[in-house]
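What follows is one structure encoded as structure tokens, with my remarks underneath.
The values are calculated or read from the model by the stated rules, or taken from the named source; none is laboratory data. Keep in mind that what you see is a predicted model, and the values were worked out from it rather than measured. Note that each Cβ is placed from the backbone with ideal geometry, even for glycine, and that neighbours are counted across all protein chains shown.
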Amino acid sequence: MFYKTNLQVRISSSGINYRWVPFNKNFKIVSFSEIDQIQFKTYKAIREFGGWGYRIGIKATANTVSGNKGIYIQFKSKKKRALLLGSNKTEELRNVLNDLANKNIVNYSEHD
């Protein structure tokens, strides 16, 4: 049996929500209060994480579908592994994160 999967990422003024459809019914929620910094990142899925999908790398957990761009989230708690969320809608991500940074809601930098 084959399923078409996709990674849904939603960003609001309270945090970042993501889930894998059809595997996760509910979104996983990352509150902005947990986040130290968010960076726009160009990544190498195979070299850094061994491929696409849900992957656990040396420094971060990756959730990617295709492509090589996404957001890299570093948490305030150093016990928590960083999180990479890949996206094909990079301009939308940049616009939303820039808006939130301008409102001092999130610490975001555009390192490509």
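When only residues in the range 87-112 that are part of a loop (DSSP other than H, G, I, E, B) and either polar (S, T, N, Q) or touching an Asp or Glu at 6+ places or on another chain (Cβ under 9 Å) (or both) count, which is nearest to ILE56 (Cα to Cα)?
Here the answer is SER87.
Quick one: what pairs do we get from the range 70-85, first residue under 14 Å from ILE56 (Cα atoms), second part of a strand (DSSP E or B) and of a type in the set (D, E, K, R), C-beta under 7 Å, 6+ apart or different chains?
TYR72/LYS41; LEU84/LYS41
Which of (1) over 15 Å from the mean Cα position of the chain (by Cα); (2) at negative phi does GLY50 not meet, given it meets every other one?
(2) is the only condition that GLY50 fails.
Run VAL106 past the list (1) crowded, with 16+ Cβ neighbours inside 10 Å; (2) touching a residue at least 40 places away in the same chain (Cβ under 8 Å); (3) closer than 23 Å to TRP20 by Cβ and report the number of the one that doesn't hold.
(3)
Among the residues of the range 58-68, are any modelled with pLDDT under 95, surrounded by 15 or more Cβ atoms within 10 Å (Cβ to Cβ), under 13 Å from the mean Cα position of the chain (by Cα) and under 16 Å from SER109 (Cα atoms)?
Checking the range 58-68: not a single residue is modelled with pLDDT under 95, surrounded by 15 or more Cβ atoms within 10 Å (Cβ to Cβ), under 13 Å from the mean Cα position of the chain (by Cα) and under 16 Å from SER109 (Cα atoms).
Count, please, the residues in the range 69-95 that happen to be surrounded by 19 or more Cβ atoms within 10 Å (Cβ to Cβ) and over 9 Å from the mean Cα position of the chain (by Cα).
Adding up the residues that qualify gives 1.
Which of the residues spanning the range 30-57 are basic (Lys, Arg) and either closer than 22 Å to LYS4 by Cα or surrounded by 15 or more Cβ atoms within 10 Å (Cβ to Cβ) (or both)?
Result: LYS41, ARG55.
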